[in-house]
Amino acid sequence: MIALNDRTAINKFELDLSLVKDERISDILFVIASIIALISTYQAEKEIIAKEFNKESIADNSAYTIAASSWTFFIGSIIFTYVSVARYCQIATDDPDVSPLTLKGGKYSVVGNIISVIGFCLVAIGDQLKANASSSSGPATISR
């Protein structure tokens, strides 16, 4: 019995540590996606200013950059959702005395994260379609 409890404790420890690491990866992806989105705004601003002052038009890659940002956000949201579901399952199965309010909060977190994945997916698809849209002056500048 003691060996089983020790093994369970080790497995719980490893799962907790693994989930924290996964969450950190997702956090890093969100930071990277935010930086990419910021770069996109500077690219768009540079192109708009060049057009305003009748300077030579420069390549506007902001649509492609924001699409890359959106896909990165999408991947990060998938990882967040996985962590949320895993934590909910862990709490629901490991602790028989868990409060109903904790379980309800966990359910809301899971549902919210699933909706977030759907939203980020739709944004990524939309931004990618805009980036791939062709026009005489190249891809459209993306603004949100």
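Quick look at the values:
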{"quantity": "All positions within segment 99-135 that are outside any helix (DSSP H, G or I) and surrounded by 12 or more Cβ atoms within 10 Å (Cβ to Cβ)", "calculated": "none"}
{"quantity": "Of residues in segment 61-78 being among the β-branched types (Val, Ile, Thr) and surrounded by fewer than 21 Cβ atoms within 10 Å (Cβ to Cβ), the one farthest from VAL117 (Cα to Cα)", "calculated": "ILE75"}
{"quantity": "Residues of segment 61-87 that turn out to be under 12 Å from the mean Cα position of the chain (by Cα) and not in a helix (DSSP H, G or I), as a count", "calculated": "0"}
{"quantity": "Tabulated pairs, segment 94-123, first touching a residue at least 12 places away in the same chain (Cβ under 8 Å), second exposed (fewer than 13 other Cβ atoms within 10 Å of the Cβ) and of a type in the set (D, E, K, R), C-beta under 7 angstrom, 6+ apart or interchain", "calculated": "ASP94/LYS12"}
{"quantity": "Criterion: within 19 Å of the chain's Cα centre (by Cα), at pLDDT below 95 and charged (D, E, K, R) - qualifying residue of ASP94, ASP127", "calculated": "ASP127"}
{"quantity": "Residue within segment 45-60 that is surrounded by 13 or more Cβ atoms within 10 Å (Cβ to Cβ), touching a Ser or Thr at 6+ places or on another chain (Cβ under 8 Å) and outside any helix (DSSP H, G or I) present", "calculated": "yes"}
{"quantity": "Flag for ILE91 being among the β-branched types (Val, Ile, Thr) and surrounded by 21 or more Cβ atoms within 10 Å (Cβ to Cβ)", "calculated": "no"}
{"quantity": "Candidate set: segment 28-42, residues that are of a type outside the set (Val, Ile, Thr) and in contact (Cβ under 8 Å) with a residue 24 or more places away in the chain; chosen: the one surrounded by the most Cβ atoms within 10 Å (Cβ to Cβ)", "calculated": "SER40"}
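The values are calculated or read from the model by the stated rules, or taken from the named source; none is laboratory data. What you are looking at is a predicted structure, and each value in this text was computed from that prediction instead of being measured. Glycine also receives a Cβ, built like all others from the backbone with ideal geometry; neighbour counts cover every protein chain displayed.
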